[in-house]
1. Output yes when any residue across the stretch A:247-259 is in a helix (DSSP H, G or I) and more than 27 Å from A:CYS36 (Cα to Cα), and no when none is.
2. Only one of (1) surrounded by fewer than 24 Cβ atoms within 10 Å (Cβ to Cβ); (2) more than 15 Å from A:ALA93 (Cβ to Cβ) fails for A:ALA48. Which number is that?
3. Whether any residue in the stretch A:169-179 is of a type in the set (Asp, Glu), within 30 Å of A:ASP277 (Cβ to Cβ) and touching a residue at least 60 places away in the same chain (Cβ under 8 Å) is what I want to check.
4. Can you tell me which residues in the stretch B:38-58 are within 19 Å of the chain's Cα centre (by Cα) and either of a type in the set (Val, Ile, Thr) or over 17 Å from B:ALA13 (Cα atoms) (or both)?
5. Of the conditions (1) more than 14 Å from chain A (Cβ to nearest Cβ); (2) within 20 Å of the chain's Cα centre (by Cα), B:GLU25 fails just one. Which one is it?
6. List the helices (runs of 4 or more DSSP H) that sit entirely inside the stretch A:33-128 and contain at least 2 residues that are more than 13 Å from chain B (Cβ to nearest Cβ), of a type in the set (A, V, I, L, M, F, W, C) and in contact (Cβ under 8 Å) with a residue 60 or more places away in the chain.
7. If we keep just the residues of the stretch B:109-129 that are within 15 Å of the chain's Cα centre (by Cα) and part of a strand (DSSP E or B), which is farthest from the other protein chains (Cβ to nearest Cβ)?
8. Please pick out the residue among A:HIS187, A:HIS204, A:HIS223 that is over 30 Å from A:GLY32 (Cα atoms) and at pLDDT below 90.
Amino acid sequence: MKYSPGLLENLYRTMLTIRQAEESLVEPINNGTIRCPVHLYSGQEAIAAGFCANLNQKDYLFGNHRSHGHYLAKGGDLKKMIAEIYCKETGCAKGRGGSMHLISVENGVMGIVPIVAGTISLAVGAAMAAKVRKDKRVAVSFFGDGATGEGVLYESLNFASVYKLPVIFVCENNLYSTHMAIGKIRHKNHIADIAGPFGVKSFHCDGNNVLKVYEVSKKAVEHCRSGKGPVFIEFLTYRMRGHVGPDDNIQGTHTEIRPLKEVEKWKKRDPISNFSDYLIKKKVLTREKIKNIINQINNEVHDAHTFARESKRPPANEVLKYVFQ
Amino acid sequence: MSSNKGTRKLNYALAINEALAQKLESDPSVILIGQGVTSPWYVGNTCKDLVERFGEERVIDTPVSENATTGAAVGAAIAGMKAIVVHPRTDFAVYAFDPIINQAANWFYMSGGTSSVPVVFWLIVNGGGEQAAQHSQALHTVFAHVPGLKVIAPSTAYDVKGLLIGAINDPNPVVFIDNRSLYGASENVPEEMYEIPFGKGVVRRKGKDITLVSFSFLAQESVKAAEALALEGIDAEVIDIRTLKPLDEKIILDSVNKTGKIAIVDSAWKFCGFSAEIAALINEKTNLSNKSILRVNIPDAPAPASVSLEEGYYLNSDKIVKSVKSLF
């Protein structure tokens, strides 16, 4: 597949923005400035970037507890995200949602929730809306390997298949469901196989290679948008941080869940450093250009933190605001 | 209540049908989804001719997957549709607590007011008939407990049309508690579309000795009970609150301040129940003595099968009469 230099640079920028934003949260989490539960996406950036590059602004995206990357890749505003993670009034959910409830309706980020598998059926419904209106939108729900334990996933696969709905089920298999290694929670670790019995087209793909992600996602979105029904994709990946917070032992109990050797192995498969090596090798970007991009993004992230820290929290007397419209 | 112009007798089930048909007709964003929407065995006449008139894309009969189909209704609403999802037996909606309670109820709040969920959760109660514990539960209290959900429970054909249209037009999630035993009840219903505002109860019978507060099927039974009590010299005022949330506190308090006694007639369990909420309201906002507050509920037990046990379980006008007389 041929790529324009512009697309390649954008994929790199998106991944890097996600990574720098995620890593910028570590210090304020550790020093207590950020208090809400934060599930870092570091290590999985290629999936959000590669997949969302195939979506239109109006396509519907639903996420999960680990969705900063999806929000940013779909066009969500960085400042509003960081401010929301600080639970400030200037955040994308006005400090009512925090890290686990990012939203950007104008960019199609329709909802992000931490109830495991909680948005899968919502994406099916958004796809149903698109089908009724014949507006050619597609809907996606991102979820993790842990969500494969929830019954609603299978109900949704069947429902979407029966009605040929334009919905893409994206499973990011990062090999851990909170503290449980996948071998302990599933009989079989080839998740993409669950789609076949429902007549849903499926792909299994390396989730740490942004170009492979892009290509598979392109096929999936085209299939869906042309009215051929739902698609299931399993992206194999690895989270470089803990389930919640920077480390696995953030809560003081889950120490050394993951074998050090395993972590080291996956560090070598880092989606961003591998992609920047590729871009230099292919002469798409120079080392200097990459340095400039890194500086630019670091400045944006820094500004977002300043904006968030200087913003006010919502006033206590507004606790009843937004219960009903 | 209803004007004579353009009205005719219509039963409760067909009043629902007319509300659904008129909304589907007038608003292309309205969809109806749920198990049995094409089958009278599930939903009586409430969905008569809808699939024929509006097509399978907007009137969607579903596999037995309450969680996913309710979630799909919520997702469609988030994506700009006005969705109605029906559970022909309330009990099966328990499978859908996640989309109802975790998602829809919280959605507007947790998005900081940026995204609302115009969805109607239509739950049909089917008490009696030796159907036992999983075909008969009245769960209105559970939903009324949750911030972000409105709960309506109309008792007449006129009310159900106006409240259901109001529910579909409401930008918030609304739980519509329905009772199959009301389906045959007829009255004059306007042909045109109309809305009944939420949070407005209605006095079904004026009286001066005691206030009976109820809703849905038991509002009708309370009227019957009041007629029987009148024969024994007790003049009961009957209030049908119509919507549990928002609640018309004023109509209850005004009546109680006049009569000095209240019987709260509730089709669900007593413990932590809706009748407890109304009793607390009376305690907080009137000077009534606790001895003048009566809670009439079903026993704190699962619904039985055998009709002999059902007789000791479900409420009816006779039981309301008997309970009320204990206050005199």
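The values are calculated or read from the model by the stated rules, or taken from the named source; none is laboratory data. Owing to the predicted nature of the structure, the values given are computational and were not obtained by experimental measurement. No Cβ is skipped: glycine too gets one built from the backbone with ideal geometry, and neighbour counts run over all protein chains shown.
1. no
2. Here A:ALA48 clears every test but (1).
3. yes
4. B:VAL43, B:THR46, listed by residue number.
5. (2)
6. Counting at least 2 such residues, we get A:45-52, A:78-85.
7. The qualifying residue farthest from the other protein chains (Cβ to nearest Cβ) is B:VAL125.
8. None of the other options fit; the residue is A:HIS187.
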